[in-house]
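Asks: Please read through the structure below; I'll follow up with questions.
The values are calculated or read from the model by the stated rules, or taken from the named source; none is laboratory data. Here the structure is a predicted model, which is why all the values come from computation and not from measurement. FYI the Cβ positions are ideal-geometry reconstructions off the backbone, even for glycines, and counts take in every protein chain you see. When the accessible area is computed, the model is the full protein with side chains, heavy atoms only, and any ligands, DNA or RNA have been set aside. Shrake-Rupley method; radii C 1.70, N 1.55, O 1.52, S 1.80 Å.
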Amino acid sequence: MEEIDRRIVRLLAADGRMSFTDLAKQTGLSVSAVHQRVRRLEKRGVIRGYAALVDYDAVGLPLTAFVSIKPIDPSAPDDAPERLAHLEGIEACYSVAGEESYILKVRVGSPVELEELLQQIRASAGVSTRTTVVLSIPYEHRPPAIDLSPD
């Protein structure tokens with residue numbers, strides 16, 4: 001990827017609502033050239049989408065936790081992500097190396113809701129869980145450290 005494309009990705013990762021005019025000013029390109037490059041980056045899948053960052057406290061989901069899961073029966077199919085996809089409290093599912101198979105990032109409204117979600121996770125996927133409750137989030141959603149030097 002060219003340095004200018006890396007710069008565009010870095011700028012959009014920091015502010016997905018940045019206008020083409022502002023991108024052009026930051027990169028030294030014309031607005032139409034920036035527009036073409038952004039569309040090309042989207043088409044190639046480098047930029048996969050844009051999202052709103054939500055204040056989870058404001059929407060009633062102040063409790064964040066990480067739930068490590070591993071199958072109760074190690075010979076069972078490895079299909080936990082599919083079995084858990086319907087649970088809306090799960091924000092992310094990461095396949096990991098180590099003792100556990102996956103780590104789930106969950107957001108709920110209360111400890112009672114966390115307990116209910118844990119029961120649903122265990123029942124839906126046939127897994128055991130280990131939970132770490134987040135006390136505070138000093139930072140999150142940081143833009144990637146994209147190297148601006150050419151390949």
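Asks: What are the residue pairs meeting all of these: first residue in the range 14-29, first residue touching a residue at least 24 places away in the same chain (Cβ under 8 Å), second residue surrounded by fewer than 14 Cβ atoms within 10 Å (Cβ to Cβ) and outside any helix (DSSP H, G or I), Cβ atoms under 8 Å, and 6 or more apart or on different chains?
Replies: A14/P143; G16/Y50; G16/A51; R17/Y50
Asks: Examine the range 73-88 for a residue that is open to solvent by 30 Å² or more (accessible area, probe 1.4 Å) and part of a strand (DSSP E or B), and state whether such a residue exists. Show your work before the answer.
Replies: Keep residues of the range 73-88 that are open to solvent by 30 Å² or more (accessible area, probe 1.4 Å), which gives 73-79, 81-83, 85-86, 88.
Filter again for part of a strand (DSSP E or B), leaving none.
Scanning the range 73-88, I find no residue that is open to solvent by 30 Å² or more (accessible area, probe 1.4 Å) and part of a strand (DSSP E or B), so the answer is no.
Asks: Further question on the same structure: Considering only the range 42-49, I want to know if a residue exists there that is surrounded by 13 or more Cβ atoms within 10 Å (Cβ to Cβ), free of Cβ contacts under 8 Å to residues at least 12 places away in the same chain and not polar (S, T, N, Q). I'd like the intermediate steps shown before the answer.
Replies: Within the range 42-49, the first condition is being surrounded by 13 or more Cβ atoms within 10 Å (Cβ to Cβ), and the residues that meet it are 42, 46-47.
This time we only want the ones that are free of Cβ contacts under 8 Å to residues at least 12 places away in the same chain, so: 42.
Next, only the ones that are not polar (S, T, N, Q) stay: 42.
Yes: the range 42-49 contains one or more residues that are surrounded by 13 or more Cβ atoms within 10 Å (Cβ to Cβ), free of Cβ contacts under 8 Å to residues at least 12 places away in the same chain and not polar (S, T, N, Q).
Asks: If you don't mind, there's one more thing I want to ask. Criterion first (in contact with a Pro (Cβ under 7 Å, 6 or more places away or on another chain) and either within 30 Å of G126 (Cα to Cα) or surrounded by 15 or more Cβ atoms within 10 Å (Cβ to Cβ) (or both)) does S68 satisfy it?
Replies: On the way: in contact with a Pro (Cβ under 7 Å, 6 or more places away or on another chain): no; either within 30 Å of G126 (Cα to Cα) or surrounded by 15 or more Cβ atoms within 10 Å (Cβ to Cβ) (or both): yes.
No.
Each row is one residue, and each column tells you yes or no for (1) in contact with a Cys (Cβ under 9 Å, 6 or more places away or on another chain); (2) open to solvent by 70 Å² or more (accessible area, probe 1.4 Å); (3) farther than 26 Å from V54 by Cα.
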{"site": "A97", "(1), (2), (3)": "no, yes, yes"}
{"site": "E100", "(1), (2), (3)": "no, no, yes"}
{"site": "I103", "(1), (2), (3)": "yes, no, no"}
{"site": "E113", "(1), (2), (3)": "no, yes, no"}
{"site": "Q120", "(1), (2), (3)": "no, yes, no"}
{"site": "A123", "(1), (2), (3)": "no, yes, yes"}
{"site": "V127", "(1), (2), (3)": "no, no, yes"}
{"site": "T131", "(1), (2), (3)": "no, no, no"}
{"site": "V134", "(1), (2), (3)": "no, no, no"}
